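> One structure coming up, written as structure tokens, with questions to follow.
The values are calculated or read from the model by the stated rules, or taken from the named source; none is laboratory data. Since this is a predicted model, take the numbers as computed values, not measurements. Because the Cβ atoms are built from the backbone with ideal geometry, glycine has one as well, and the counts that use them run over all protein chains shown.
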Amino acid sequence: MNKPNAIVVGSEISPSFLGLVRRAFELCRERALSLTAVIVSPTEPADAGQLIYAGADRLARIALSVQDINAPVTAAESISQYAFSEKPEFILFESSSFFCCVAPMTAAKLNCGITADCTALSWAENGTLRQTRPAFGGRKLAHIENTCTPVLATVRKGVFKLAFSENAQKANMPLIPCREAKHIWTQTRVIEDAVFGTDLTGANIIVSGGLGMGSRENFKKLHTLADMLGAAVGASRAAVAAGYAGYAHQVGQTGVSVRPDIYIAFGISGAVQHLSGISGAKKIYAVNHDPKAPIHEYSDFSVIADCTLVLDKLIEKAGS
Amino acid sequence: MNILVCLKIVSQATFTDSLTDNDDRLSGGKLGINPADAYALELALRIKDNAPETMVTVVTMAPSYAENALRDAIAAGADRAVLICDSALAGSDTLVTANILAAAINRLGGFDLVLCGRKAIDSETGHIAPQLSERLGLPMAAAVTAFAIDGDTLRICCTNDGVSAEYEGAVPAVLSVCNGTDMVRSPTVMGMRRSKKAAIERLTLADIGISAENAGLHGSPTRTAAVETMSFRKGKKCVCTDADAGAQALIELIKGGKRDE
């Protein structure tokens, strides 16, 4: 605790979180800060040493579950108390539905600024941490600076990535003091179990369907393809409205903004609201029988043919 | 039952104009209620449909020009609209906005539920609901797609990362509402008539007991140092019109990753 420090917070050790730790480490190195990596998890992760490899000087754990609807307020309390004693320069959170609650609550407790969903971080010339984030559906890029510390920000998943090291040492994670989550909400029913293919924000490949898929049955084939490719399944607003997919799959301005390496749109016409949500994709491939569909204007490769037919053929080819 | 819905008034150009439009249009043009907030209002009005004694109030922090959008909320069925309007508010970030809304909510008083849309489609932060819950000292739930009230019992349905679940809690609470797939109601003729005559209540910083130095850009811990306009990607327009050849090409593109660069 001799050096001033910084904190990075996540819930699991993944290439995306390791990438964030590494970026935080690079920022810390420029300012001679020490870095603490905090994991929110009820159990101690087996591969905590990966965080040291990524650049963390110290590790800590908060024993709460990110699945627990009652946990955010308790996590915010615990992190803000930790921040009161540690006086960090910045606290970065991996963007997830859990931390998107926890981070602004923590900022309110600390009475300091918070920026959502950053895609780049750097030191500005005036010595403050500059946080860059897209807004207006990716049409604007805002550079945010703070007038006081700590600087709090959530960072979009998958922006920074770092592969696991085979040579990481063993490390343990001491616990940060934390109350038990205060019981506010009682779960009465689970309606739909987590299905593979809904982690849209962190996905490398997304296969997505629109109204052109024609039926719920056809739409289900997207899941088959997604399973084969290790992809997530997205949907246009129209497809969700038609009941082909749940809201969790909705991509676009009223759903999730995504930035995969590859986005494949089946039977999606390409309404502005949808295109805004996929503007961060590295490659967009479109399958739509209508040559006039706007999506073709923005795609890197278009198949102008019946989307269910192409999907069937893709599944066949991916399987062989 | 007394429900408050926090609205953000956004430029309609944000979600209707073509992607090539430049910045001026994004902050100008016709104003409307942010879609997720409109959905939150819809959920509140459904409670009122079944329990007509329910009082639905809408509040926004915005310049005077937001008044028409508040009248839209009254036309849809809201009972009361409040505009927090003060020249010292310009440049407020999310923390200050939550502070101001919380002070206004305390000043107005007596709400069983405070609803916010999950995110605004212009700034896309989703900060207000968690920060309001912190400032008001009320429990909060996020990603709420439906709710029902039975006495003091509040039943909510949340959809998070692909899991939908139902929970029971109690009022008062702050709920952050996701756009569901149902349609938001259109104003009725009666509603339109009522909205024209309705008085929009105004609150200034002095009314809610916050000093100018704690508001606006001056009071905000974050500020926008610079903004860049991104040009939306244009495709390469490679086209294949044969289903089988197209599927084959797609497989190769997927397996080759970025090979076509």
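> Suppose the filter is assigned to a loop (DSSP other than H, G, I, E, B) and more than 8 Å from every other protein chain (Cβ to nearest Cβ); does A:Ala305 pass it?
Here the answer is no, as A:Ala305 does not meet what is asked.
> Would you call A:Ser122 in contact (Cβ under 8 Å) with a residue 40 or more places away in the chain, closer than 24 Å to B:Ala165 by Cβ and not in a helix (DSSP H, G or I)?
no
> Then there's this: Give the residue, chosen from B:Gly117, B:Gly109, B:Gly77, that is of a type in the set (Gly, Ala, Ser) and free of Cβ contacts under 8 Å to residues at least 12 places away in the same chain.
Every option except B:Gly109 fails the conditions.
> Right, here's the next one. Considering only the stretch A:156-179, I want to know if a residue exists there that is of a type in the set (S, T, N, Q), at the interface with another protein chain (Cβ under 7 Å from one of its Cβ atoms) and more than 30 Å from B:His218 (Cβ to Cβ).
So far as the stretch A:156-179 goes, no, none of its residues is of a type in the set (S, T, N, Q), at the interface with another protein chain (Cβ under 7 Å from one of its Cβ atoms) and more than 30 Å from B:His218 (Cβ to Cβ).
> Checking the condition in contact with a strand residue (DSSP E or B) (Cβ under 8 Å, 6 or more places away or on another chain), within 12 Å of another protein chain (Cβ to nearest Cβ), exposed (fewer than 14 other Cβ atoms within 10 Å of the Cβ) and under 30 Å from A:Asn70 (Cα atoms), which residue from A:Thr186, A:Thr149, A:Thr119, A:Thr115 passes?
The unique qualifying residue is A:Thr186.
> Next up: Mind checking whether some residue in the stretch A:94-109 is over 25 Å from A:Ala203 (Cα atoms) and assigned to a strand (DSSP E or B)?
no
> Looking only at the stretch A:125-144, which residues are out of contact with any helix residue (DSSP H, G or I) (no Cβ under 8 Å at 6 or more places or on another chain), farther than 17 Å from A:Phe93 by Cα and facing another protein chain (nearest Cβ under 7 Å)?
Scanning the stretch A:125-144 gives A:Ala135, A:Leu141, A:Ala142, A:His143.
> Would you say A:Val207 is farther than 22 Å from B:Ala143 by Cβ, within 23 Å of the chain's Cα centre (by Cα), β-branched (Val, Ile, Thr) and facing chain B (nearest Cβ under 8 Å)?
no
> Would it be correct to say that B:Gly91 is within 14 Å of another protein chain (Cβ to nearest Cβ), surrounded by fewer than 20 Cβ atoms within 10 Å (Cβ to Cβ) and within 15 Å of A:Cys101 (Cα to Cα)?
No.
> OK, next. Taking A:Gly243, is it within 11 Å of another protein chain (Cβ to nearest Cβ), modelled with pLDDT under 90 and surrounded by fewer than 20 Cβ atoms within 10 Å (Cβ to Cβ)?
Judged against the criteria, A:Gly243 is a match.
> A further question on this structure: Looking at A:Gly255, A:Gly277, which one is surrounded by fewer than 24 Cβ atoms within 10 Å (Cβ to Cβ) and not polar (S, T, N, Q)?
None of the other options fit; the residue is A:Gly255.
> Criterion first (farther than 26 Å from A:Trp185 by Cα and either modelled with pLDDT of 95 or more or out of contact with any Ser or Thr (no Cβ under 6 Å at 6 or more places or on another chain) (or both)) does B:Met140 satisfy it?
The answer is no for B:Met140.
> All but one of (1) more than 21 Å from B:Gln248 (Cα to Cα); (2) in contact (Cβ under 8 Å) with a residue 60 or more places away in the chain hold for A:His289; state the number of the condition that does not hold.
(1)
> Follow-up question, since we're still on this one. State yes or no: is A:Ser208 assigned to a loop (DSSP other than H, G, I, E, B) and either touching a residue at least 12 places away in the same chain (Cβ under 8 Å) or assigned by TED's automatic domain parsing to the domain that holds A:Cys307 (or both)?
no
> Now a separate question. Looking only at the stretch B:120-132, which residues are within 7 Å of chain A (Cβ to nearest Cβ) and at negative phi?
Those that are within 7 Å of chain A (Cβ to nearest Cβ) and at negative phi: B:Ile121, B:Asp122, B:Ser123, B:Thr125, B:His127, B:Pro130, B:Gln131.
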